[in-house]
Amino acid sequence: MRIQTPLARARHLGSAMEGPEHWWMQRMTSLMLIPLTLWFVASMWWLVVDGGFTYEALRDWLSGPISAVLMLLFVGATFYHLKLGMQVIAEDYIIGKVARWTFIIMITLGCLTGAVATLYAVVAVALGG
């Protein structure tokens, strides 16, 4: 039994087969963010408790290779997970096709801009800027 109409079968229209990959990437980023978020919260707690949260303390902490790499992973995974989640919301709840695609493009550009700006800030601080 097929769900497609005969015309859709003739035109080879159907699922774009992007759903499973999108779903899988959202689950992978959420699993990746669990330990990264715990690490980030514990690190910020340690910085605040250990003598106050100053720019110099943050720079010293972020200048370490492990902290810098984990922060880059945390930022990248966070913005990618945000983009995936917001895209699902747009696809599910925005009715007009033009409005939906406009919103998805705005989400993508916003997340890309935020990720690049944050990654640049992390690298600048990590390298002593």
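The values are calculated or read from the model by the stated rules, or taken from the named source; none is laboratory data. Only a predicted model underlies this, so the values are computations on that prediction, with no experimental measurement involved. Methodologically, a virtual Cβ is constructed for each residue, glycine included, from the backbone with ideal geometry; neighbour enumeration extends over all protein chains shown.
Scanning the range 79-87 turns up one or more residues that are under 22 Å from HIS22 (Cα atoms), in contact (Cβ under 8 Å) with a residue 60 or more places away in the chain and assigned to a helix (DSSP H, G or I).
When ILE105 is tested against (1) more than 30 Å from GLY128 (Cα to Cα); (2) out of contact with any His (no Cβ under 8 Å at 6 or more places or on another chain); (3) surrounded by 16 or more Cβ atoms within 10 Å (Cβ to Cβ); (4) not basic (Lys, Arg), exactly one condition is not met: (3).
Looking across the range 30-77, not a single residue is over 19 Å from VAL125 (Cβ atoms), in contact with a Phe, Trp or Tyr (Cβ under 9 Å, 6 or more places away or on another chain), surrounded by fewer than 16 Cβ atoms within 10 Å (Cβ to Cβ) and among the hydrophobic types (A, V, I, L, M, F, W, C).
For the range 112-129, the set of residues classified as among the small types (Gly, Ala, Ser), touching a residue at least 12 places away in the same chain (Cβ under 8 Å) and under 11 Å from LEU62 (Cα atoms) consists of ALA126, GLY128, listed by residue number. Restricting the range 22-66 to residues that are under 27 Å from MET86 (Cα atoms) and hydroxyl-bearing (Ser, Thr, Tyr), the residue that is farthest from the chain's Cα centre (by Cα) is THR37. Is it the case that LEU33 is modelled with pLDDT under 90, touching a helix residue (DSSP H, G or I) at 6+ places or on another chain (Cβ under 8 Å) and not aromatic (Phe, Trp, Tyr)? No.
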